[in-house]
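The values are calculated or read from the model by the stated rules, or taken from the named source; none is laboratory data. The model shown is predicted, which means the values in this text are computed figures rather than measured ones. For neighbour counting, all protein chains shown are included, and Cβ atoms are generated from backbone atoms with ideal geometry for every residue, glycine included.
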């Protein structure tokens, strides 16, 4: 599990991920899940997964996604 903050231009980068399947979701700082730390709770993660994009990374592969912050 990784959390990244965007740069001033809104872009973010998450590096060092091993090959595999991942769920990606952008949350705004105003979202209570971020401020409370609930994004690490297994029950909350199941709810977040339903709203996330799924990607699969191969060895050495990179992906570019355009995400909108989930309020």
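Out of everything in segment 52-69 that is assigned to a loop (DSSP other than H, G, I, E, B) and surrounded by 11 or more Cβ atoms within 10 Å (Cβ to Cβ), what residue ends up being nearest to the chain's Cα centre (by Cα)?
Within segment 52-69, the match that is nearest to the chain's Cα centre (by Cα) is 52.
Rundown of residues vs (1) part of a helix (DSSP H, G or I); (2) loosely packed, with under 10 Cβ neighbours inside 10 Å; (3) modelled with pLDDT of 85 or more, yes/no style:
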| site | (1), (2), (3) |
| --- | --- |
| 9 | no, yes, yes |
| 16 | no, yes, yes |
| 23 | no, no, yes |
| 35 | yes, no, no |
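When residues of segment 32-56 are filtered for being under 20 Å from residue 13 (Cβ atoms), touching a strand residue (DSSP E or B) at 6+ places or on another chain (Cβ under 6 Å) and touching a residue at least 24 places away in the same chain (Cβ under 8 Å), how many remain?
Residues in segment 32-56 being under 20 Å from residue 13 (Cβ atoms), touching a strand residue (DSSP E or B) at 6+ places or on another chain (Cβ under 6 Å) and touching a residue at least 24 places away in the same chain (Cβ under 8 Å): 5 in total.
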